[in-house]
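The values are calculated or read from the model by the stated rules, or taken from the named source; none is laboratory data. Given the structure is predicted, the values throughout are model-derived calculations rather than measurements. Neighbour counts are summed over all protein chains in view; Cβ atoms, including those assigned to glycine, are modelled from backbone coordinates with ideal geometry.
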Amino acid sequence: MSDLLHRLRDRGWRLTAQRRVIAEVLDGEHVHYTADEIHALAVERLPEISRASVYNTLGELVALGEVIEVTTDGRAKRYDPNAHHPHQHLVCSGCGAIRDVRLSGDPMAVLPEAERFGFTVSEVTVTYYGRCPECAALG
C-alpha cells in the first residue's frame, strides 16, 4: 500500500473505489502527473471513473495537504504526493519533466537576514531548471 493511501486511511478519509485508484496512480517518489494524466491512468484501472471525480479528488487532496500542486513556467498544474517529505524540484525546460530533489542544507539559511526586509519567512520554494538527459541528447 502506498504512503499516500496509508496517510489517507490514518486520517479516516473515506476511500471510495475512485479515490483509491487516484491515490494508487499517485504512488511513487517522483510522481508529478497532470490531472489529465491521472485520469488516463485511472481509467486503465477503473474504466468508469470520470474526469470530474479526478479533479474533485485532487482538489480535496490538496486542501487536506496530502498532495502539493506544482506549477512551472505556465504549464499545466501537476500533483505531487510527496507532501510530507521536504524537497524541492528539478524541472526540464524542454519536456517539463519534474524530479524531487532533497537539499543537503537548510534553504532558509541561504537567505541572509539583511535580504529578508523584515519578513518573517515561513516557507522556501526552490526550483532548479535545466534539461533532462533525453532533451539534452536532442540538442
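Number of residues in the range 106-130 that are part of a loop (DSSP other than H, G, I, E, B) and either assigned by TED's automatic domain parsing to the domain that holds Asp73 or within 22 Å of Val70 (Cα to Cα) (or both) equals 7.
Quick one: would you say Leu90 is on the phi < 0 side of the Ramachandran plot, part of a helix (DSSP H, G or I), within 17 Å of the chain's Cα centre (by Cα) and surrounded by 14 or more Cβ atoms within 10 Å (Cβ to Cβ)? Spelling it out, it is not the case that Leu90 is on the phi < 0 side of the Ramachandran plot, part of a helix (DSSP H, G or I), within 17 Å of the chain's Cα centre (by Cα) and surrounded by 14 or more Cβ atoms within 10 Å (Cβ to Cβ).
Comparison of Glu37, Glu66, Glu44 shows that the only residue that is touching a Leu at 6+ places or on another chain (Cβ under 7 Å) and in the same structural domain as Leu8 (by TED's automatic domain parsing) is Glu66. Take Thr72 and tell me if it is polar (S, T, N, Q), under 29 Å from Val101 (Cβ atoms) and in a loop (DSSP other than H, G, I, E, B). Criteria met by Thr72.
Every residue, every condition in (1) touching a Ser or Thr at 6+ places or on another chain (Cβ under 7 Å); (2) at pLDDT 90 or above, yes or no:
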{"residue": "Ala52", "(1), (2)": "no, yes"}
{"residue": "Leu58", "(1), (2)": "no, yes"}
{"residue": "Val70", "(1), (2)": "no, yes"}
{"residue": "Lys77", "(1), (2)": "yes, yes"}
{"residue": "Ala83", "(1), (2)": "no, no"}
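The sole residue among Glu123, Glu113, Glu48 that is out of contact with any strand residue (DSSP E or B) (no Cβ under 7 Å at 6 or more places or on another chain) and modelled with pLDDT of 90 or more is Glu48.
Summed over the range 67-76, the residues that are surrounded by 15 or more Cβ atoms within 10 Å (Cβ to Cβ) and out of contact with any His (no Cβ under 8 Å at 6 or more places or on another chain) give a count of 2. Is one or more of the residues making up the range 19-42 without any contact (Cβ under 8 Å) to a residue 24 or more places away in the chain, assigned to a loop (DSSP other than H, G, I, E, B) and either farther than 21 Å from Gln88 by Cβ or in contact with a helix residue (DSSP H, G or I) (Cβ under 6 Å, 6 or more places away or on another chain) (or both)? No: zero hits.
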